Each structure stands twice: as C-alpha cells, then as structure tokens.
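Please treat every number below as a calculation from the coordinates, not as lab data. Just so it is clear, the structure is predicted and the values come from calculations on it, not from any experiment.
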Amino acid sequence: MEYNSTQGTNPTGAAPAGGLSQNAAAAIAYITIIPAIIFLVMEPYNKIPFVRFHSFQSICLGVAAIIVETILGVIPVIGWIMLPFVALAFLAIWIYTVLQAYKGNWFKLPGIGDFALTQASK
C-alpha cells in the first residue's frame, strides 16, 4: 500500500530548519539501523510521521533479515542453499524501500509496515 508523503505534518516535504528533506531522511533511515535510530531520537525528525514510519520499518526489516538469515545459516544444506537467494531478496526489498521513501511514498511492507505505521502514529 502506498501513500504520498504529503499526508504527513510537513505537506511540502521541505527540509525542517535547514536540515534534510523528509524524503531524504526517510531514505537514509534505510541505510543501516543506526540512522533510523538517530532519526527516531533527533529533533525535528522524530516529530515527522513520514520519517518515523520509515525509521521503524527500516529497523523491523533489518531485524527480520538478521533473524531469517541466522535461521537459514543454522539449517544444514537446504538452509545454506537458500541463504544466498533469501539475501538477494532482502537486498531487492531494501533497494525498493529506499527508492519508495525517497519518492515520498508511504510504502508498507506486509506485516512489518502495519507495525511501523502504528509506532509512527504514536
């Protein structure tokens, strides 16, 4: 499901107080878990629902990737065969979410997106 970033509190998508635009901040939140956590605690980004949503979704995606890849790494043969394909799938999902965030879309991943949206609206 996609939403436009103009549905957030900053309808222009402009940079808050000389900082990053909300689209750039949301895309950067996907680079690693660290920028996502920084945007969740740093003013003024922690007050922008669009950035909060993508930060929470980034953290959940990273945790899901770590859990799935760890489980596959422990399973002999079948898990080891599946691991590179699953890693490529997570890479493709990651690239797609970065692009959607940069475009200003509220793209929700199945399951993860609902949790992220709930957390971002708090």
**Cα-derived Rg over Rh, computed across the chain with Rh taken as Kirkwood radius** = 1.04
**Message:** Connecting C-alpha atoms closer than 10 Å in a GNM of the chain, tell me which of A65, A89, A24 has the biggest fluctuation.
**Reply:** A89
**Request:** Rank F107, F56, F90 by mean-square fluctuation in a GNM of the chain with C-alpha springs under 10 angstrom and give only the top-ranked residue.
**Result:** F90
**Request:** Check every DSSP H run in the chain and write down those whose alpha carbon atoms cover 30 angstrom or more along the long axis and whose mean Kyte-Doolittle hydropathy is 1.0 or greater.
**Result:** 49-74, 78-103
